[in-house]
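Visitor: Please see the structure below; I have some questions.
The values are calculated or read from the model by the stated rules, or taken from the named source; none is laboratory data. Keep in mind that this is a model prediction, so the values were computed, not measured. Glycine also receives a Cβ, built like all others from the backbone with ideal geometry; neighbour counts cover every protein chain displayed. Surface accessibility is based on the protein's heavy atoms, side chains included, excluding ligands, DNA and RNA. Shrake-Rupley method; radii C 1.70, N 1.55, O 1.52, S 1.80 Å.
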Amino acid sequence: MRTSFVVMGHASLAVGFVGIFVPLLPTTPFVLLAAFCYSRGSERFHTWLQEHPRFGPMVHAWREHGAIGRRAKVVAAATVVLSAAYSFSRLDPPWSVAALVVCAGVLSFILSRPSTPRRSSATSRGPSDSVS
């Protein structure tokens, strides 16, 4: 079973990596799926992903705050809206309504998540640097 999680983690990370270069292919959900799979299949790969300079921050933001980066939210929302429009124009009524309901649910979830927290100037200063 652990091997299956590692293989699924590799596949998810590969798709997420391609999403860096291909417009409208989201990176964040696939990286988060890879982190989940690696956490179940390989401590070594999970640690590597968490410490990766590109992917680690999005995994950390999701784990600590349930947050999705602002850019990732915009790309994901645009992708969902385009998918909904395409589905509505190409599918027959029962299926088009179902696709719209699914897309609305996904869009609601994405937009309900907080954006990646930014460090405020108060939290980035040390205790001796605080202003009295």
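Visitor: So the check is Cβ under 8 Å with 6+ separation or different chains; which pairs have a first residue in the stretch 91-105 that's more than 17 Å from Thr79 (Cβ to Cβ) and a second one that's of a type in the set (Phe, Trp, Tyr) and open to solvent by 80 Å² or more (accessible area, probe 1.4 Å)?
Guide: Listed by first residue and then by second, the contacts come to Ser96/Phe88.
Visitor: Could you list, in sequence order, the residues of the stretch 66-93 that are part of a helix (DSSP H, G or I) and either among the β-branched types (Val, Ile, Thr) or open to solvent by 100 Å² or more (accessible area, probe 1.4 Å) (or both)?
Guide: Matches in the stretch 66-93: Arg70, Arg71, Val74, Val75, Thr79, Val80, Val81, Tyr86, Phe88, Arg90.
Visitor: Going by what's in this entry, would Arg2 be described as touching a strand residue (DSSP E or B) at 6+ places or on another chain (Cβ under 6 Å), open to solvent by 70 Å² or more (accessible area, probe 1.4 Å) and on the phi < 0 side of the Ramachandran plot?
Guide: no
Visitor: Sticking with this one: So which pairs qualify, if the first residue must be in the stretch 22-35 and under 15 Å from Gln50 (Cα atoms), the second must be hydroxyl-bearing (Ser, Thr, Tyr), the Cβ gap must be under 6 Å, and the two must be at least 6 apart or on different chains?
Guide: Close Cβ pairs satisfying both conditions: Phe30/Ser12; Leu33/Ser12; Ala34/Ser12.
Visitor: Does Val101 satisfy the condition of being part of a helix (DSSP H, G or I), open to solvent by less than 80 Å² (accessible area, probe 1.4 Å), at pLDDT 90 or above and of a type in the set (A, V, I, L, M)?
Guide: Judged against the criteria, Val101 is not a match.
Visitor: What number of residues within the stretch 46-82 satisfy the criterion of being of a type in the set (D, E, K, R), without any contact (Cβ under 8 Å) to a residue 40 or more places away in the chain and under 20 Å from Phe36 (Cβ atoms)?
Guide: Here the count works out to 4.
Visitor: To continue, here is another question. Considering only residues that are exposed (fewer than 14 other Cβ atoms within 10 Å of the Cβ) and under 18 Å from Ser83 (Cβ atoms), look in the stretch 5-45 and name the one that is modelled with the highest pLDDT.
Guide: Step by step, filter the stretch 5-45, then rank; the result is Val18.
Visitor: Closer than 27 Å to Arg2 by Cα and in a helix (DSSP H, G or I), is that true of Arg54?
Guide: So Arg54 fails the test.
Visitor: How many residues does the stretch 45-66 hold that are touching a helix residue (DSSP H, G or I) at 6+ places or on another chain (Cβ under 9 Å) and of a type outside the set (Phe, Trp, Tyr)?
Guide: So the count comes out to 11.
Visitor: Can you find, within the stretch 46-62, the residue that is modelled with the lowest pLDDT among those that are within 13 Å of Thr28 (Cβ to Cβ) and open to solvent by 100 Å² or more (accessible area, probe 1.4 Å)?
Guide: Among those that are within 13 Å of Thr28 (Cβ to Cβ) and open to solvent by 100 Å² or more (accessible area, probe 1.4 Å), it is Arg54.
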